[in-house]
Structures are given as structure tokens and as C-alpha cells.
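Q: Structure in C-alpha cells, see below.
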Amino acid sequence: NASFVVDADLDIEKRMYKFAQELKVIAPQAKDFLYFTCVMMHAAEAACINEDGSKKKLSNGDSVTSSWEKVGEGVKWVCNDSNIKPYRNNNRDVFPESELKLAYRNWVGRPLCLDHQSQSVDKIRGVIVDTVYEDKKKRVIALCALDAKNYSDLADKVKTGVASNVSMGTAVGRAVCSECYTVARTERDFCQHMRSKSCYGEINLDLSPIELSLVVAGADPKAKVKH
């Protein structure tokens, strides 16, 4: 299998590799699967760190810090650098770190799909077998098993890096407008900022993970197959 540049924590990579090897021992059919690790998504707090995981600094040398302030049933981003907004994906979705830490394990056992078509059995290509939250870089790492026997063409594309983008799918219990802090539980509750997409983003709370997909272009540009 081709190896790509891995920038995840070495301990996480070792854990994933060991887990995959143990699966191959206890489950003979696992030899028919291609195992790969990927970055699934990033927390809002990823905006406060550099690419290497070190903390960003203020002009006076202090570290950039952030927190969430409760506003009714919603939350508000608070940062000691007013120029730093929470990390968002290209769909303007914002995921607080505390929410990801509550939900990331619930992706284990969920399907690996094509293009978020989790409702169609024909589009399921594998399964998520493990997940880890990487504190240093504020992101979720997943170990996936792709059915290489029945979908050899797709497995080859993943091996060679042709198919390298992933995108997670989750239901959201509450979406909070970053502009007026309106809390929406259904689309009917959307404020004008949400409807027109004029706010910085929607802060997603109460996550219920659904799947992970291999896609042409994902919402999070840093969500990639790594190894």
C-alpha cells in the first residue's frame, strides 16, 4: 500500500496500525479490506493553533485562548484575539471541541459511503472501525475499513491518492446562529442570517453521527486520507 505524509500524532498512528493488525488476526475476512486513517473534521478551536499544533500568540507573546459563553440555549464564541473566528468548514458549519469530544466515539461502527448516500446499501463501501480525538491539532482521526474485494477500483484510488477527500455526516440537535444566537432545531426555526447564509457560521450542538463518505470535494478542505 502507498504511504502518504502523515502529520497526525505518532501515538495515534501506532494505535490505529495496531488495531488494524489485531482485526486481521481475529477476523480472517479482514484481509479483503483496505484500512486507512483519515482526518474527519476539525473543532472550532483549531483556529487558535498553527499548522504544527502549537498555540498562536498575541502581539504581547501571550497564547491565544478561546471559550464558549452560554447565550440562552445557544453559545457564543469568545476569544482574546478579536480577529480570530472559530474554524468553520466550507458549509459554514462550526463544531465546538466539547461537542466533538462528546460525539466522536459514536462514529465507530457507522458506514463508510460514497457521497453521503448512507440510506442506500448500494453506496456503502465499508465501515468506520475506530476514532480518536487529537487534542494537539483539535481534530477527529478515523480508522476505516474499505471493502477492497468488491470495490477494488475504489480501493486502488485510495491507495494511490486519487481518492483522498472525506466528509463526515451528522445530524444536529441544535444549530446556533453566530450573528444573533438564534437556536434552530428544525429548518423552520432558522433566522434570516441562517436562511441567507449571511452570518459567519452555524454553531452545531448535540451531534448524532451518521456516516463518513469518500467524496470528490469535502466541506472541510483539511479532511483527508492520511495513511
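The values are calculated or read from the model by the stated rules, or taken from the named source; none is laboratory data. Just so you know, these numbers come straight off a predicted model, no measurement behind them. Reconstructed Cβ throughout: ideal geometry from the backbone, glycine too, with neighbour counts over all protein chains shown. Remember, those area values only see protein heavy atoms, side chains included, never the ligands or the DNA or RNA. Shrake-Rupley method; radii C 1.70, N 1.55, O 1.52, S 1.80 Å.
Q: Sorted from largest to smallest, which semi-axis lengths in Å does the alpha carbon gyration tensor of the chain give for its equivalent ellipsoid, taking the root of 5 times each eigenvalue?
A: Those come to 32, 21, 14 Å.
Q: Considering only Gly218, Ala145, Tyr200, whose Cα is most displaced toward the positive end of the charge dipole of the chain, charges sitting on Cβ of Lys, Arg (+1) and Asp, Glu (-1)?
A: My answer, from the dipole projection, is Ala145.
Q: Classify segment 95-212 from the C-alpha gyration tensor, please: rounded if a/c falls under 1.5, else prolate or oblate depending on whether a/b exceeds b/c.
A: Prolate, because a/c is 1.5 or more and a/b exceeds b/c.
Q: So how strong a dipole does segment 57-96 carry about its Cα centre when Lys and Arg Cβ are +1 and Asp and Glu Cβ are -1, to the nearest 20 debye?
A: Approximately 120 debye in magnitude.
Q: Give me the 1.4 Å probe accessible area per residue for the chain, excluding ligands and nucleic acids, in Å².
A: On a per-residue basis, 52 Å².
Q: Quick query: amide H of Gly126 versus all other amide H atoms, modeled in the peptide plane; which residues come in under 5 Å with a sequence gap of 5 or more or a different chain?
A: Leu112, Asp147
Q: Any idea of Ser59's accessible area? Nearest 10 Å², probe 1.4 Å.
A: Rounded to the nearest 10, that gives 140 Å².
Q: Which entries of Lys159/Lys224; Lys157/Lys197; Lys31/Lys226; Lys56/Lys222; Lys18/Lys55 show an alpha-carbon separation above 24 angstrom in the structure shown?
A: Lys157/Lys197; Lys18/Lys55
Q: Next question. From the phi of every residue in segment 104-116, what ³J(HN,Hα) in whole Hz does the Karplus formula 6.51 cos²θ - 1.76 cosθ + 1.60 yield, where θ is phi - 60° and glycine or proline is x?
A: 4, 5, 6, 7, 4, x, 6, x, 9, 10, 10, 6, 6
Q: Moving to a separate point now. For segment 72-176, give the magnitude of the charge dipole about the Cα centre (Cβ charges: +1 Lys/Arg, -1 Asp/Glu; no others), in debye to the nearest 20.
A: Dipole about the Cα centre, nearest 20: 180 debye.
Q: Also, quick follow-up: Determine the shape class of segment 180-227: with a ≥ b ≥ c the square roots of the Cα gyration tensor eigenvalues, call it rounded for a/c under 1.5, and otherwise prolate if a/b is greater than b/c, oblate otherwise.
A: Here segment 180-227 falls in the prolate category.
Q: Around Asp206, what is the net charge, scoring Lys/Arg as +1 and Asp/Glu as -1 over all other residues with Cβ under 11 Å from its Cβ?
A: Computed value for this residue: 0.
Q: Using the alpha-carbon atoms, what tilt in degrees (0 to 90, nearest 10) does helix 10-26 show relative to the longest principal axis of the chain?
A: 40 degrees
Q: Within segment 23-114, report the GluC sites (Glu not before Pro) that DSSP leaves as loop and that have at most 10 other Cβ atoms within 10 Å.
A: Within segment 23-114, the qualifying GluC sites (Glu not before Pro) (loop, at most 10 other Cβ atoms within 10 Å) are Glu51.
Q: Counting Lys and Arg as +1 and Asp and Glu as -1, each charge on the Cβ, what is the dipole of the chain about the Cα centre in debye, to the nearest 20?
A: Roughly 120 debye for the chain.
Q: Heavy atoms only, probe 1.4 angstrom, no DNA, RNA or ligands counted: give me Trp77, Trp68 ranked by accessible area, highest first.
A: Trp68, Trp77
Q: Something else about it: Before anything else, pin down the relative contact order of the chain: Cα pairs under 8 Å, at least 6 apart, normalised by residue count, whole percent.
A: 28 percent
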